[in-house]
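Heads up, the thing below is written out as C-alpha cells.
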Amino acid sequence: MSDGGLAARVGGSVGAFDRDQWNALAGSGNPFVSHEFLTALEDSGSVGPGTGWQAAPLVISDEDGPLLAAMPAWLKSHSQGEYVFDHSWADAYERAGGRYYPKLQIAAPFTPATGPRLLLADDAFAAPLLSAAEQLCLQNGFSSAHATFIEPEQQSLFEDAGWMLRSDIQFHWYNRGFANFDDFLATLASRKRKDLRKERAAAQAEVDIVRLRADDIRPEHWDAFWHFYQDTGARKWGRPYLTREAFDLFGERMGEKLLLVLALQHGVPVAGALNFIGGNALYGRYWGCTRDIRFLHFELCYYQAIDAAIDLGLSRVEAGAQGGHKLARGYEPVETVSAHWIADPGFRQAVAEFLERERAGVASDRNYLQARTPFKKG
C-alpha cells in the first residue's frame, strides 16, 4: 500500500521493526505500546499461534527511511482479552449471514489502559495510517477494525476518519498534589475516611507488605506471583492470558517500569499485585492470592497504588476495568473511548444506531456515579 511516496506495510510481529524507531514513535509515557512490552508478549507466546491474537502491526515509512507512523494491531479470531465487549455485534452479524472474525484489533493485548493507538511522528500521518487499516480489512475480507482505550488526544483523529466512537466507564484515582495518604484521606467525607482507615488497618494487621522494583524482583517473586495470577486468571477468564515467561521478559526488558507489591505471612508471599509505571500514571494490572484475607485486595490493589503514586509523583492511578467498588475508595468515574470501523454499510448503520442509544445510557451512569463519590461535598 502506498500514498504519495509513503509506503504502508504490515509486519508479522512488532519485533520485526527496529526497537529505537518504534519507541521514538511510541514515546515514554505509556508502557503498553513500547517495543519492550509488545515483544515480550510475542516472544513469550502470550500472543501468536493458538492464542487468537496474530500480530499484524501496520507502519508507514518514506521508502527506506525511518518509521513515520505505527499501529499495534492484531488479527483476532475471537473477542477475548479486549475489555470492550462486541460479542453481541458478532452474534448479530453472523445471524445475518456475515462472518465477523477475523477482525483487526488495534490495542495493547489484555490491557484495559488508555493510551496512544496511533504512534505518529506527526498527526498528519494519522489519516494514511487509518486508511491503510481500512484497506487491509477490505482486501482480506475482514469485517471490521476496532481501536480500544484511545487516549483523549487521539479520539478526534479517529472521528475525523469516519470511525464510530464508543464510550464506557472506568475508575481512576487522581493525585491532587497530596504529600501522603493522609492528605488524600482528608478530602473524604468523615464516614468514608474512617472506613478506609479500618480497611487498611485490618489488612495490614494480617500481613507484611513489600514493594519491589527492577532488580529487587527476583525469580522466586515471579514464581509466587505466577501462582497468584494463574488462580485469578482461571476464575475470571477460564485460562490465564499471559505465559509464565512473559513475567520474566517484563522484568528483563522493562523492570524499571514495574512495581510488584507482595503481602507476606512469616516471610512467605500470600498475595500480590503487579503495577506498570508510566510517564504520569500508575497502571494496576494483575492481582491474586492464595489466602482469603479481609480487605487485602483493596489494600494491595488500591491503597498501595495510591501510596506509590504519591511517592513517585504520578498524577493518577488507573486500576483496570470495571469495579464499582473502587468508587467508595476514592477512585472516580471517567470516560474511556474506543473507535470502530465496519466494512458492511448496513451493519455499520445498525452499529451506529446502537452506539447512539448506548452513549446516552453510559453518560447517565457516569453522572449517577459522579454524584456518589466519597469526597466532601461543598
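In the range 336-355, which residues are within 19 Å of Asp160 (Cβ to Cβ) and either at pLDDT below 95 or assigned to a helix (DSSP H, G or I) (or both)? Scanning the range 336-355 gives Arg348, Val351, Ala352, Leu355. Of the residues examined, Glu332 is one that is open to solvent by less than 30 Å² (accessible area, probe 1.4 Å) and farther than 21 Å from Phe225 by Cα.
Of the strands (runs of 3 or more DSSP E) lying entirely inside the range 171-290, the ones with 2 or more residues being over 18 Å from Pro109 (Cα atoms) and either open to solvent by 10 Å² or more (accessible area, probe 1.4 Å) or without any contact (Cβ under 8 Å) to a residue 12 or more places away in the chain (or both) are found at 208-212, 258-265, 268-277. Inclusion of Leu312 among residues that are of a type in the set (A, V, I, L, M), within 27 Å of Glu206 (Cα to Cα) and surrounded by fewer than 19 Cβ atoms within 10 Å (Cβ to Cβ) is warranted. Based on what the data block shows, is Arg211 on the phi < 0 side of the Ramachandran plot and out of contact with any strand residue (DSSP E or B) (no Cβ under 8 Å at 6 or more places or on another chain)? Criteria not met by Arg211. Just the residues that are part of a helix (DSSP H, G or I) and either open to solvent by 40 Å² or more (accessible area, probe 1.4 Å) or at pLDDT below 95 (or both), please, taken from the range 1-22. Answer for the range 1-22, where residues must be part of a helix (DSSP H, G or I) and either open to solvent by 40 Å² or more (accessible area, probe 1.4 Å) or at pLDDT below 95 (or both): Gly15, Ala16, Arg19, Asp20, Gln21. Checked across the range 36-57, the condition of being crowded, with 24+ Cβ neighbours inside 10 Å and in a strand (DSSP E or B) holds for at least one residue.
Restricting the first member to the range 86-102 and to residues that are over 14 Å from His146 (Cβ atoms) and modelled with pLDDT of 95 or more, and the second to residues that are assigned to a loop (DSSP other than H, G, I, E, B) and not charged (D, E, K, R), the beta-carbon pairs closer than 6 Å and six or more apart or on different chains are Glu94/Tyr100.
If you filter the range 23-35 down to residues that are among the aliphatic types (A, V, I, L, M) and out of contact with any Gly (no Cβ under 7 Å at 6 or more places or on another chain), you find that the one that is surrounded by the fewest Cβ atoms within 10 Å (Cβ to Cβ) is Ala24.
The rows are residues; the columns are (1) open to solvent by less than 10 Å² (accessible area, probe 1.4 Å); (2) in contact with a strand residue (DSSP E or B) (Cβ under 9 Å, 6 or more places away or on another chain); (3) closer than 23 Å to Gln170 by Cβ.
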| position | (1), (2), (3) |
| --- | --- |
| Asp91 | no, no, no |
| Ala107 | yes, yes, yes |
| Thr111 | yes, yes, yes |
| Pro116 | no, yes, yes |
| Leu119 | yes, yes, yes |
| Asp122 | no, yes, no |
| Ala126 | yes, yes, no |
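Of all the residues in the range 58-89, those that are open to solvent by 30 Å² or more (accessible area, probe 1.4 Å) and assigned to a helix (DSSP H, G or I) number 2.
The values are calculated or read from the model by the stated rules, or taken from the named source; none is laboratory data. Everything quoted here is computed from the prediction, not taken from an experiment. Positions of Cβ are generated from backbone atoms using ideal geometry, with glycine treated the same way; all protein chains shown enter the neighbour counts. Protein only, heavy atoms only, side chains kept; ligands, DNA and RNA dropped before computing areas. Shrake-Rupley method; radii C 1.70, N 1.55, O 1.52, S 1.80 Å.
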